[in-house]
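Right, one structure below, let's go through it.
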Amino acid sequence: MRLATTRDRLARLRHFPDAPSEAYFESYWSRAEVDNLLEEIAQQADLYKHYQNLRADHVKKVMGI
């Protein structure tokens, strides 16, 4: 917890609102862009879960499990 607090304080000294914002900036991302990307990924979670189940069923069938 202290490490996170320290990183936030250092980021604020560098004129960022928090440590994640500073890290995103260094990667040419904004906080809003990262939040939007994570939201889009979350919206596809059910589809990916369905895909994983199909793959697992196929492996079970092929391996005779």
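The numbers here are math on the coordinates, done by the rules we state, and not lab data. What you are looking at is a predicted structure, and each value in this text was computed from that prediction instead of being measured. Here the Cβ is made from the backbone with ideal geometry for all residues, glycine too, and neighbour counts use every protein chain on show.
Is at least one residue of segment 57-65 without any contact (Cβ under 8 Å) to a residue 24 or more places away in the chain, part of a loop (DSSP other than H, G, I, E, B) and of a type in the set (Gly, Ala, Ser)?
The initial filter retains those residues of segment 57-65 that are without any contact (Cβ under 8 Å) to a residue 24 or more places away in the chain, namely 57-65.
Restricting the remaining residues to those that are part of a loop (DSSP other than H, G, I, E, B) gives 64-65.
This time we only want the ones that are of a type in the set (Gly, Ala, Ser), so: 64.
Yes, there is a match, as at least one residue in segment 57-65 is without any contact (Cβ under 8 Å) to a residue 24 or more places away in the chain, part of a loop (DSSP other than H, G, I, E, B) and of a type in the set (Gly, Ala, Ser).
Quick one: in segment 22-32, of everything that is among the small types (Gly, Ala, Ser) and surrounded by 11 or more Cβ atoms within 10 Å (Cβ to Cβ), which residue is nearest to Thr6 (Cα to Cα)? Break it down into steps so the answer makes sense when it comes.
Pass one, segment 22-32, residues among the small types (Gly, Ala, Ser): 23, 27, 30, 32.
Within this subset, residues satisfying the condition of being surrounded by 11 or more Cβ atoms within 10 Å (Cβ to Cβ) are 23, 30.
Values: Ala23: 14, Ser30: 21 Å.
Only one residue tops the list, namely Ala23.
Which of the residues spanning segment 33-57 are surrounded by 10 or more Cβ atoms within 10 Å (Cβ to Cβ), closer than 30 Å to Ala4 by Cβ and of a type in the set (A, V, I, L, M, F, W, C)?
Val34, Leu37, Leu38, Ile41
Looking only at segment 1-16, which residues are outside any helix (DSSP H, G or I) and exposed (fewer than 14 other Cβ atoms within 10 Å of the Cβ)? Working first, answer last.
Within segment 1-16, the first condition is being outside any helix (DSSP H, G or I), and the residues that meet it are 1, 14-16.
Correct list: Met1, Arg14, His15.
Would you confirm, using the coordinates I've provided, whether Ala19 is in contact with an Asp or Glu (Cβ under 7 Å, 6 or more places away or on another chain) and surrounded by 10 or more Cβ atoms within 10 Å (Cβ to Cβ)?
Numbers: in contact with an Asp or Glu (Cβ under 7 Å, 6 or more places away or on another chain): yes; surrounded by 10 or more Cβ atoms within 10 Å (Cβ to Cβ): yes.
Judged against the criteria, Ala19 is a match.
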